[in-house]
Amino acid sequence: MPQAREGAKERDAFFDNAKYLAIVLVAMGHAWEPLRDGSRSVTALYTLVYAFHMPAFIVISGYFSRGFDASPERLKRLVTGVAVPYVIFETAYTLFTRWTDQVPDRPVSLLDPLYLTWFLAALFIWRLTTPMWRLVRRPLPLALAVAMLATLAPAIGKDLDLQRTLQFLPYFVLGLCLKPEHFRLVRRREVRMLAVPVFLCAFVAAYWAVPRMTGAWFYHRDSAQELGAPAWSGPVMTLVTFGCSLLLVACFLAWVPRRRMWFTVLGAGTLCGYLLHGFLAQGAKFWGWYDPAWIHRPPGAIAVTVVAAGIITVLCTPPVRRVFRFAVEPRITWAFRRSPSYAPAPRAAVPGRRTM
């Protein structure tokens, strides 16, 4: 979802393709959620997708945040591209779920991100801390240590969803550390060939694990104690999930096309699709879309998957982006002071030299 005001004059088709394919997986995951009860296969697919789709987004977000230097222009983009949309959609989701969840007194709270708005709050924090991560000598081990410690602290609470922000932090910091040649490595032919058996093995492992353990470790939103596990398992599972997720992210990126495709242009609209599709995902149960019995059978699961992919594709298109630009990419230049312009200082005259 990283919105592409990355400062590059020419967009890289590979990253736009990756963002579009990842947002399709996000929509599919949300569509599968009501189908998990009673279906081990759907739950295994859900767990597999959740193991890498958000890490992939966050790694790409970190990669395109490398140039963030807290300059006035960068801060303006952070406010207009992340903070303001967070306020707008946090308010909109609260009002919408008051109706769909039948909770008329649900308060509008900017400190407790609702549903998928957590990503905007986390991205705001991650980018603000970018100069520090670029400064320290070993940023990734330090970020992993922070994430491991977060799993030991249930008292962190829900303010700005800090638990999830801290546990996903290593993926963002990894993105800050990556260089173009690292992405070229995963696009090699041998990596693409290995990606197929890796994904197959990952699905088999997820299928085996469904009745035996929780997949919530990959959601990174709870401490070890909140998951009913001993405290020591939190740091251990942080490292285990980080390794598993990175392996799957590499396999996913290996199969992302490098050339321009019909969906490449949609990569610029993934934040719009991400923020808008949540209203349909939240309203689906209220509107009874999952009530028919056939929806919970294999043909129904396939139909739900296809519909979810189609909807998110439409929501990423340029016409939809233009309609919702006021909320997703607001231009509020009136809110900022003009950057002072400084005239160049006059050159000092050198003795014995005539000045014009």
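The set of residues in the stretch 320-338 that are crowded, with 16+ Cβ neighbours inside 10 Å and either among the charged types (D, E, K, R) or farther than 29 Å from GLY310 by Cα (or both) comprises ARG321, GLU329.
Annotation note: Cβ proximity below 9 Å between a residue of the stretch 312-341 that is more than 24 Å from ARG74 (Cα to Cα) and a residue that is surrounded by 11 or more Cβ atoms within 10 Å (Cβ to Cβ) and polar (S, T, N, Q) (sequence gap 6+ or interchain) occurs for ILE312/THR270; CYS316/THR270. Selection within the stretch 149-167: residues that are part of a helix (DSSP H, G or I) and within 12 Å of SER109 (Cβ to Cβ). The member of this set that is modelled with the highest pLDDT is ASP161. Just one of the listed residues (GLY310, GLY283, GLY243, GLY288) is of a type in the set (Gly, Ala, Ser), in a helix (DSSP H, G or I) and modelled with pLDDT under 95, and it is GLY283.
Please verify whether VAL191 is under 22 Å from VAL59 (Cα atoms), in contact with a Phe, Trp or Tyr (Cβ under 6 Å, 6 or more places away or on another chain) and touching a residue at least 40 places away in the same chain (Cβ under 8 Å), treating the condition exactly as stated. Criteria not met by VAL191. Residues that are outside any helix (DSSP H, G or I) and within 21 Å of the chain's Cα centre (by Cα) within the stretch 120-147 comprise just one, THR129.
Assess whether LEU185 counts as being crowded, with 18+ Cβ neighbours inside 10 Å and not in a loop (DSSP other than H, G, I, E, B). No; evaluated as a whole, the condition is false for this residue. Among the residues of the stretch 86-119, those identified as among the polar types (S, T, N, Q) and either in contact with a helix residue (DSSP H, G or I) (Cβ under 6 Å, 6 or more places away or on another chain) or assigned to a helix (DSSP H, G or I) (or both) are THR91, THR94, THR97, THR100, THR117. Of all residues in the stretch 50-82, those being in a helix (DSSP H, G or I) and touching an Asp or Glu at 6+ places or on another chain (Cβ under 8 Å) number 2.
Please work out if LEU169 is aliphatic (A, V, I, L, M), farther than 30 Å from ASP37 by Cβ and surrounded by 16 or more Cβ atoms within 10 Å (Cβ to Cβ). Yes, satisfied.
Going by the conditions given, is ALA284 closer than 23 Å to LEU35 by Cα, of a type in the set (A, V, I, L, M, F, W, C), out of contact with any Ser or Thr (no Cβ under 7 Å at 6 or more places or on another chain) and surrounded by fewer than 22 Cβ atoms within 10 Å (Cβ to Cβ)?
Taking the combined requirement at face value, the residue satisfies it.
Could you please let me know if VAL79 is touching a helix residue (DSSP H, G or I) at 6+ places or on another chain (Cβ under 9 Å), among the β-branched types (Val, Ile, Thr) and surrounded by fewer than 19 Cβ atoms within 10 Å (Cβ to Cβ)? Here the answer is yes, as VAL79 does meet what is asked. Return a yes/no flag: does the stretch 93-104 have any residue that is in contact with a His (Cβ under 8 Å, 6 or more places away or on another chain) and basic (Lys, Arg). No: the stretch 93-104 contains no residue that is in contact with a His (Cβ under 8 Å, 6 or more places away or on another chain) and basic (Lys, Arg). Considering only the stretch 205-224, I want to know if a residue exists there that is free of Cβ contacts under 8 Å to residues at least 12 places away in the same chain, in contact with an Asp or Glu (Cβ under 8 Å, 6 or more places away or on another chain), of a type outside the set (Phe, Trp, Tyr) and under 29 Å from SER39 (Cα atoms). So far as the stretch 205-224 goes, yes, one or more of its residues are free of Cβ contacts under 8 Å to residues at least 12 places away in the same chain, in contact with an Asp or Glu (Cβ under 8 Å, 6 or more places away or on another chain), of a type outside the set (Phe, Trp, Tyr) and under 29 Å from SER39 (Cα atoms). The C-beta contact set for the stretch 271-283 (first residue among the aromatic types (Phe, Trp, Tyr), second residue assigned to a helix (DSSP H, G or I), distance under 7 angstrom, 6+ apart or interchain) comprises TYR274/ILE23; TYR274/VAL26; TYR274/LEU116; PHE279/PHE96.
The values are calculated or read from the model by the stated rules, or taken from the named source; none is laboratory data. Not measured: the values here are computed from a predicted model. Neighbour counts are summed over all protein chains in view; Cβ atoms, including those assigned to glycine, are modelled from backbone coordinates with ideal geometry.
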